[in-house]
Structures are given as C-alpha cells and as structure tokens.
Amino acid sequence: MSKRDTIAIFPGRFQPPHRGHRYVYEWLVEEFGTAFIATSNVIEEGRSPFSFAEKKMLFEKAGIDADAIREVRSPYIAKEIIDEYGEDNINVVFAVSEKDMTGDPRFNFANKKDGSPSYLQPYSNDIEMESAATHGYIVIAPTFDFDVGDDTMQSATQVRKQFRIGDNAMQIRIVEDLFDVYDKDAHNLLRERLV
C-alpha cells in the first residue's frame with residue numbers, strides 16, 4: 001500500500017474566531033503538517049451571526065493564512081477540501097476540542113445500524129489509517145485557555161457574552177486580546193454583529 005499524506009481539518013462555527021482557535025490550528029499544523037479551517041456560511045441571529053467572509057477576515061486578522069480558511073457546506077464532512085486531494089489519495093483527521101469530547105461527547109463512534117463501523121473513527125498515533133474514502137478520524141485537540149478582557153476563556157460563547165456586556169473601553173481591550181493589536185474594522189464588525 002502506498003503512503004498517503006494526512007490532512008487535518010478544524011471544523012466549526014467560529015462565532016467569532018478567537019485566539020484559542022488559532023492555537024488549535026497551529027497545533028494541527030505542528031502535528032500533521034497540512035491543516036485547514038472548515039466553516040460554513042450559515043448565519044443564525046444570536047448563535048451564529050457571522051458570515052463566512054466575516055469569519056475569514058477575522059481569522060486573517062488573527063494571523064491565519066487565507067488559503068487555510070475554507071468555506072464548506074458541512075464542516076464535519078468538508079467534502080470540498082477532501083475533493084481537492086481526492087478521497088482515495090489522503091488520510092483525513094478532524095479536530096474536536098477536549099471540552100467537546102468530555103461529559104457528553106460530540107462523537108461516540110458507534111457502529112452503523114447494519115453493524116459496520118461508522119465513517120468517523122477515533123484517531124491515535126498507532127493505528128494504520130484508511131483513506132478518506134473509507135474513514136475520517138477524530139483527533140482530540142487540546143483546549144487552550146486565553147485571556148480576554150478580565151477573564152480567562154475557552155470558547156466563542158464566552159467571548160460573545162463578554163463583548164456584549166462590555167463598554168467601549170472593554171470592547172477595545174477584547175479586540176486587542178483577540179487579535180494581538182487593536183483593529184478598528186474588527187471592533188466595528190464585532191459590535192455590529194454582537195451588540
């Protein structure tokens with residue numbers, strides 16, 4: 001069997017992108033070499049207010065290369081990215097954070113109704129992966145804490161809440177913490193979508 005390259009996909013809503021997302025992306029690049037952020041253009045008031053173009057702009061301001069940020073219809077399938085390589089030619093891992101796999105895990109890897117293994121399987125360093133045509137693998141990414149304003153955070157939900165209740169000075173500080181420098185365009189976009 002020929003050796004296939006492995007690509008890592010970090011799927012999610014990213015509402016909004018934040019420093020913790022960048023840390024996970026960087027971890028995936030370090031672990032697997034090639035990594036992408038996969039997100040859709042689904043907009044829902046309150047929970048998912050940012051469009052794909054807005055998320056991409058915020059990711060770029062956070063230091064992620066534009067080519068790594070991909071619009072997909074379904075982030076946990078990411079067919080658009082896999083099709084670029086050909087599903088028989090690559091192995092694929094999808095990153096899910098520790099916090100999403102503890103307590104009530106997002107994936108349980110149960111067999112399908114016919115008894116065959118589900119498409120998504122748990123990843124470990126010691127398995128021989130099958131191509132993306134047969135299986136995708138879930139790698140558990142560390143949850144990175146990051147400071148925003150006066151709080152240590154782990155999620156976009158926390159960022160949205162902090163930004164909504166903050167006054168202008170606090171919002172400026174949040175933008176600086178999210179993107180390493182103050183960016184007026186990012187501030188205006190966050191204010192427009194979150195407040």
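The values are calculated or read from the model by the stated rules, or taken from the named source; none is laboratory data. None of the values given here were measured: they were computed from a predicted structure. Counting neighbours? That spans all protein chains shown, and the Cβs are built from the backbone with ideal geometry, glycine included. We work out accessible area using only protein heavy atoms, side chains counted, and drop any ligands, DNA or RNA first. Shrake-Rupley method; radii C 1.70, N 1.55, O 1.52, S 1.80 Å.
List of remarks:
- Near the amide H of VAL148, within less than 5 Å, lie the amide hydrogens of MET153, all on another chain or at least 5 residues away, with H placed in the peptide plane.
- Whole-number D in µm² s⁻¹ for the chain, Kirkwood Cα-pair radius fed into Stokes-Einstein, 10 °C, 1.306 mPa s: 90
- Under a Gaussian network description of the chain, with springs only between Cα atoms under 10 Å, the residue in PHE146, PHE94, PHE59 that fluctuates furthest is PHE146.
- Taking the stretch 145-159 and a reference point 7 angstrom along Cα→Cβ of GLU98, the backbone N atoms nearer than 17 Å belong to 145-147, 152-156.
- Maximal additional length on extending the GLU71-GLN154 stretch stands at 27.5 nm, based on 0.36 nm per residue less the C-alpha distance.
- GLU31 paired with ARG164, simple spin-label distance in nm, labels 7 Å along Cα-to-beta-carbon: 3.1
- For the stretch 25-64: accessible area per residue (Å², 1.4 Å): 46
- Using a Gaussian network model of the chain in which every pair of alpha carbons under 10 angstrom is joined by a spring, one finds that among LYS112, LYS161, LYS184 the greatest mean-square fluctuation is at LYS112.
- Fraction of accessible area attributable to carbon and sulfur, the stretch 1-75 (%, probe 1.4 Å): 43
- Cross-link partners of LYS55 among lysines, defined as those whose alpha carbon lies under 16 angstrom from its own and excluding same-chain residues fewer than eight positions apart: LYS184.
- Distances between placed amide hydrogens fall under 5 Å for THR34 paired with ALA8, all partners being 5 or more residues away or on another chain.
- Net +/- balance of residues flanking ILE90 in space, Cβ distance below 10 Å, scoring K and R +1, D and E -1: -3
- Residues whose amide H comes within less than 5 Å of that of ALA95, counting only those at least five positions distant or on another chain, are ILE9, PHE10, VAL139 (H built at 1.01 Å from N in the peptide plane).
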